[in-house]
1. Every residue in the range 109-124 that is open to solvent by less than 40 Å² (accessible area, probe 1.4 Å) and either part of a helix (DSSP H, G or I) or farther than 23 Å from residue 26 by Cα (or both), please.
2. Here are some residues: 106, 102, 127. Which one is more than 18 Å from residue 76 (Cβ to Cβ), of a type in the set (Lys, Arg), open to solvent by 60 Å² or more (accessible area, probe 1.4 Å) and in contact with a helix residue (DSSP H, G or I) (Cβ under 7 Å, 6 or more places away or on another chain)?
3. Scanning for something in contact (Cβ under 8 Å) with a residue 40 or more places away in the chain, surrounded by fewer than 18 Cβ atoms within 10 Å (Cβ to Cβ), out of contact with any Pro (no Cβ under 7 Å at 6 or more places or on another chain) and in a loop (DSSP other than H, G, I, E, B), does the range 76-97 turn up at least one residue?
4. Could you please let me know if residue 47 is among the aromatic types (Phe, Trp, Tyr) and modelled with pLDDT under 85?
5. Of all residues in the range 1-32, count the ones that are among the polar types (S, T, N, Q) and part of a strand (DSSP E or B).
6. Please indicate, with yes or no, whether at least one residue in the range 147-156 is in a loop (DSSP other than H, G, I, E, B), more than 18 Å from residue 40 (Cα to Cα) and among the hydroxyl-bearing types (Ser, Thr, Tyr).
Amino acid sequence: HTLVQVSDLLRDCARDADTVFRWGGDEFLVIGQVQNESDMELLAERFRKTIAEHRFDPKYGKALRLSASIGVAPYPFCPANPGIAAWEQVADVADLAAYLAKTHGKNAWVSARGSDDLNAMQMQRVKDNFELLIETRKIIATSSNTHIPIPGASRTD
């Protein structure tokens, strides 16, 4: 029941050209076109805030509030080398970014994009080395939460 409400909220919050679908479990994927990184982060913040402020009506019991851990990644992932990552790898990066947000307090988003120095071998091993790639600035990350340890990242809160 609550997942249906989240799905409805995401669809209401999404733009007309965005596609929202359940990715698995309690995860949703939103695919949309943005002009720049700032637009991507604004969209993530709109989703985060909408979910955090909504009073969910469970099938049984009291109304409750939820938080969202959101991962954001652009496709193409690296503007200097657009062929470096398939869309499935970019979805993996978004999932890793969401996990980073979730493990450091929830109710946040983490945005990740490839730097000009990211190479194909590093991208192939992104699942094993995500945080190291952020630390070495091969992946440029930002977050809505200052408590998420992202070396050298800009913050939006």
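The values are calculated or read from the model by the stated rules, or taken from the named source; none is laboratory data. Just so you know, these numbers come straight off a predicted model, no measurement behind them. No Cβ is skipped: glycine too gets one built from the backbone with ideal geometry, and neighbour counts run over all protein chains shown. Just the protein is used for accessible areas: all its heavy atoms, side chains included, with ligands, DNA and RNA removed. Shrake-Rupley method; radii C 1.70, N 1.55, O 1.52, S 1.80 Å.
1. If the condition is that a residue be open to solvent by less than 40 Å² (accessible area, probe 1.4 Å) and either part of a helix (DSSP H, G or I) or farther than 23 Å from residue 26 by Cα (or both), then 114, 115, 118, 123 are the ones that fit.
2. Numbers: 106 fails: in contact with a helix residue (DSSP H, G or I) (Cβ under 7 Å, 6 or more places away or on another chain); 102 fails: in contact with a helix residue (DSSP H, G or I) (Cβ under 7 Å, 6 or more places away or on another chain).
Answer to the selection: 127.
3. Checking the range 76-97: not a single residue is in contact (Cβ under 8 Å) with a residue 40 or more places away in the chain, surrounded by fewer than 18 Cβ atoms within 10 Å (Cβ to Cβ), out of contact with any Pro (no Cβ under 7 Å at 6 or more places or on another chain) and in a loop (DSSP other than H, G, I, E, B).
4. When the stated conditions are applied, residue 47 does not pass them.
5. Our first condition is that a residue be among the polar types (S, T, N, Q); within the range 1-32, this holds for 2, 5, 7, 19.
Cutting the leftovers down to part of a strand (DSSP E or B) gives us 19.
Number satisfying all stated conditions: 1.
6. No - not one qualifying residue is present in the range 147-156.
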